[in-house]
1. Name the single residue, out of those in segment 135-149 being of a type outside the set (Val, Ile, Thr) and more than 14 Å from the chain's Cα centre (by Cα), that is nearest to Phe120 (Cα to Cα).
2. Can you pull out every residue in segment 111-131 that is more than 18 Å from the chain's Cα centre (by Cα) and either under 30 Å from Glu75 (Cβ atoms) or touching a residue at least 40 places away in the same chain (Cβ under 8 Å) (or both)?
3. Take the residues in segment 22-38 that are in contact with a helix residue (DSSP H, G or I) (Cβ under 7 Å, 6 or more places away or on another chain) and outside any loop (DSSP other than H, G, I, E, B), then tell me which one is surrounded by the fewest Cβ atoms within 10 Å (Cβ to Cβ).
4. Please indicate, with yes or no, whether at least one residue in segment 54-70 is β-branched (Val, Ile, Thr), over 22 Å from Thr27 (Cα atoms) and assigned to a loop (DSSP other than H, G, I, E, B).
5. What is the one condition in (1) in contact (Cβ under 8 Å) with a residue 24 or more places away in the chain; (2) surrounded by fewer than 13 Cβ atoms within 10 Å (Cβ to Cβ) that Pro107 does not satisfy?
6. Of the residues that sit in segment 47-69 and are over 10 Å from the mean Cα position of the chain (by Cα) and either of a type in the set (Phe, Trp, Tyr) or closer than 13 Å to Val95 by Cα (or both), which one is surrounded by the most Cβ atoms within 10 Å (Cβ to Cβ)?
7. For segment 102-158, which positions are assigned to a helix (DSSP H, G or I), farther than 30 Å from Ile31 by Cβ and small (Gly, Ala, Ser)?
8. Starting from segment 1-22, take each residue that is more than 15 Å from Tyr134 (Cβ to Cβ) and list its partners that are among the small types (Gly, Ala, Ser), counting only C-beta distances under 7 angstrom and pairs at least six apart or across chains.
Amino acid sequence: MESNDTVVKLRKLSQQFAYTSIQMHETIGRIIGFSGTDHKYLGFLIQKGQMTAGELATLTGLTTGAVTGLIDRFEAKKLVKRQFDKKDRRKVLIVADIKKIMALFKPFYTDFQNNTDKLFASFSAEELTILERYFINALEIMNNKISAINQKNKPYATKK
C-alpha cells in the first residue's frame, strides 16, 4: 500500500474525474436537449438492447413513473420506440434506434474517443493491465455499494 498522501491524492483525482465526467455529460446533454443523466440512460439501451420499462427502471434505479417520462422524452426525439413483444403482447419493449442515437452523439464524442485512444496508447501493456484491474475492482466496489444500499433501504425504495 502506498503512503497515505498518495492514496489521498488518488482519491481526489478520482473525485475530480467523476465531477468532470458529470460536467461533460451535462454539457453534451444540454446541447442535444437532455439532461446528462438522460443521455447516459440511452447508453443502457444501446449496451443492453431492447427491454421493458420495468427492466430499465430496475437497471437505472429510477421509479417506473420516472422511466415513463424518460422514454417519452426519448420517443419525442425519435430515439426509441415502444413495441409490443411478439411472444407476449402484454409486454411493451423499449427499442432504441441506435443509428439515430449514434448520429446524434458522434459529433460530440469522436474527438473525445480519439484522444482517449491516444492516451491509452501512451501506456505500456503492463500499465494497461494495472488500469484494467483498477477499473474492474472499482466497478465491483461501486456495484457492491449500490446493492448494499438498495438492500438496506428496500422499504424506502418501494415508497418512491
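1. Phe135
2. Asp111 - this is the single residue of segment 111-131 that is more than 18 Å from the chain's Cα centre (by Cα) and either under 30 Å from Glu75 (Cβ atoms) or touching a residue at least 40 places away in the same chain (Cβ under 8 Å) (or both).
3. Applying the filter and picking the extreme gives Ile22.
4. Yes, segment 54-70 has at least one match.
5. Pro107 satisfies all of (1) in contact (Cβ under 8 Å) with a residue 24 or more places away in the chain; (2) surrounded by fewer than 13 Cβ atoms within 10 Å (Cβ to Cβ) except (1).
6. Top of the filtered list is Leu56.
7. Ala125, Ser147, Ala148, Ala157
8. Between residues of segment 1-22 that are more than 15 Å from Tyr134 (Cβ to Cβ) and residues that are among the small types (Gly, Ala, Ser), the close pairs are Ile22/Gly36.
None of the figures in this text is laboratory data; all of them are computed from the coordinates on show. This is a predicted model, so every value here is computed, not measured. Every residue, glycine among them, receives a Cβ derived from its backbone with ideal geometry; neighbour counts consider all protein chains shown.
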